[in-house]
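*Asks:* For reference, the structure I am asking about is given below.
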Amino acid sequence: MNRPETVEAIGKCLAEVLKHEVTDLGEDVRLFDDLHLDSTSVLELLMVLEDNVGLEIDPENLDMDDFRTIGSLADYVDRNLALRD
């Protein structure tokens, strides 16, 4: 999966979690401040990402910095997909 595909997949997962389409998904969009995610919605996002992208996420390896922005989450997804291959 290339970077634009990763960001697009995150956008689709966010739309599912937030129950509405998210527009203007630049990599600098902040998940908590701009999209108003909370800890519960982040957990839901992780489950949706696991289902839709094929990730296996270990909660013990999570770092909140990975959820600062769309870009940092895309970095996290890309790293984890690379480990899977």
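*Asks:* Among the residues of the stretch 61-76, write down those that are part of a helix (DSSP H, G or I) and either at pLDDT below 95 or not aliphatic (A, V, I, L, M) (or both).
*Replies:* Of everything in the stretch 61-76, those that are part of a helix (DSSP H, G or I) and either at pLDDT below 95 or not aliphatic (A, V, I, L, M) (or both) turn out to be 61, 64, 65, 66, 67, 71, 72, 75, 76.
*Asks:* Quick one: which of 24, 63 is surrounded by fewer than 13 Cβ atoms within 10 Å (Cβ to Cβ) and more than 20 Å from residue 84 (Cα to Cα)?
*Replies:* The match here is 24.
*Asks:* Further question on the same structure: Exactly one of (1) hydrophobic (A, V, I, L, M, F, W, C); (2) surrounded by fewer than 16 Cβ atoms within 10 Å (Cβ to Cβ); (3) without any contact (Cβ under 8 Å) to a residue 24 or more places away in the chain; (4) under 18 Å from residue 1 (Cβ atoms) is unmet by residue 18. Its number?
*Replies:* Among (1) hydrophobic (A, V, I, L, M, F, W, C); (2) surrounded by fewer than 16 Cβ atoms within 10 Å (Cβ to Cβ); (3) without any contact (Cβ under 8 Å) to a residue 24 or more places away in the chain; (4) under 18 Å from residue 1 (Cβ atoms), residue 18 violates only (4).
*Asks:* So if I check each of 29, 42, which one is under 18 Å from residue 9 (Cβ atoms) and touching a strand residue (DSSP E or B) at 6+ places or on another chain (Cβ under 9 Å)?
*Replies:* Of 29, 42, the one residue that is under 18 Å from residue 9 (Cβ atoms) and touching a strand residue (DSSP E or B) at 6+ places or on another chain (Cβ under 9 Å) is 29.
*Asks:* Report yes if some residue within the stretch 31-47 is part of a helix (DSSP H, G or I), touching a residue at least 40 places away in the same chain (Cβ under 8 Å) and of a type in the set (A, V, I, L, M); otherwise report no.
*Replies:* No, there is no match, as no residue in the stretch 31-47 is part of a helix (DSSP H, G or I), touching a residue at least 40 places away in the same chain (Cβ under 8 Å) and of a type in the set (A, V, I, L, M).
*Asks:* I want to confirm something. Restricting to the stretch 49-60 and keeping residues that are among the aliphatic types (A, V, I, L, M) and either touching a His at 6+ places or on another chain (Cβ under 6 Å) or not in a loop (DSSP other than H, G, I, E, B) (or both), which single residue is surrounded by the most Cβ atoms within 10 Å (Cβ to Cβ)?
*Replies:* The residue in question is 49.
*Asks:* Report every pair of residues separated by at least 6 positions or lying on different chains whose Cβ atoms are under 7 Å apart, first residue within the stretch 54-77 and closer than 17 Å to residue 26 by Cβ, second polar (S, T, N, Q).
*Replies:* From residues that are closer than 17 Å to residue 26 by Cβ, the pairs are 74/6; 77/6.
*Asks:* Next question, about the same structure. With respect to residue 28, is the statement that it is closer than 20 Å to residue 4 by Cβ, free of Cβ contacts under 8 Å to residues at least 12 places away in the same chain and assigned to a loop (DSSP other than H, G, I, E, B) true?
*Replies:* no
The values are calculated or read from the model by the stated rules, or taken from the named source; none is laboratory data. Predicted model only: the values in this text are computed from it and were never measured. Because the Cβ atoms are built from the backbone with ideal geometry, glycine has one as well, and the counts that use them run over all protein chains shown.
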